[in-house]
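Colleague: Below you will find the structure I want to go over with you.
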Amino acid sequence: MRRLGRRRTLLGVAAAIVIAAGAAGVILVTTARSHAEPTRAGYLEGVAAVCRVYGPKLDQIIPPDVAEPANVIAAVDRVLPLISAQLDRVERLPPPEELKPEVQRWLRLQKRRLGILGKARAAGRRQDFRALSVAYVDFLLAGRDTGALGVAIGIPHPPC
């Protein structure tokens, strides 16, 4: 009888070890998958999540009339840090290999637009209203290419 009890105990321990090993295997597989390359859908959802944070903030800023330098300066001062922060957060998202070239090009276009907006801000601070107007219009025009590429990738435009 004791032998039967020991066998049951050993079988129980063995079964517990098998179950624990199986659970550990599931955990390892799940962990390995969570560190796998991002998917297109996952990346685009990450970008959309960033855009949902900054889009409403950007929407609150009324696009100024370029003929009113004070309004352009005020708008640029509010928009620049938001676009900069948005771009910083999007840059931290690793794109899948299939999207890397397009995403890198889109990010370069975004940085170019950010640079143009920085020039507009600098012109406004030195009260060079002609340079301010030119830079602001250049910023708006550069948005077309950036937006078109973003839409082709699947990035929402606006707000990104």
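Colleague: How many nm is it between the label spots at Val151 and Glu97, if each spot is 7 Å from the Cα in line with the beta carbon?
Modeller: In this crude spin-label approximation the distance works out to 3.1 nm.
Colleague: With +1 on each Lys and Arg Cβ and -1 on each Asp and Glu Cβ, how big is the dipole of the stretch 39-153 about its Cα centre, in debye rounded to the nearest 20?
Modeller: It comes to approximately 300 debye.
Colleague: For the stretch 39-153, what does the relative contact order come out to in percent, with C-alpha contacts under 8 Å and a separation of six or more? Display every interim value, and only then the final one.
Modeller: On the way: 99 pairs, mean separation 33.0, N = 115.
It rounds to 29 percent for the stretch 39-153.
Colleague: Right, here's the next one. Gain in length, Arg108 to Leu80, computed as 0.36 nm per residue apart minus the alpha-carbon separation, to one decimal in nm?
Modeller: Separation in residues times 0.36 nm, less the Cα-Cα distance, equals 8.5 nm.
Throughout, read-outs are computed from the coordinates displayed, never taken from laboratory work. None of the values given here were measured: they were computed from a predicted structure. Virtual Cβ from ideal backbone geometry, glycine too; neighbours counted across all protein chains shown.
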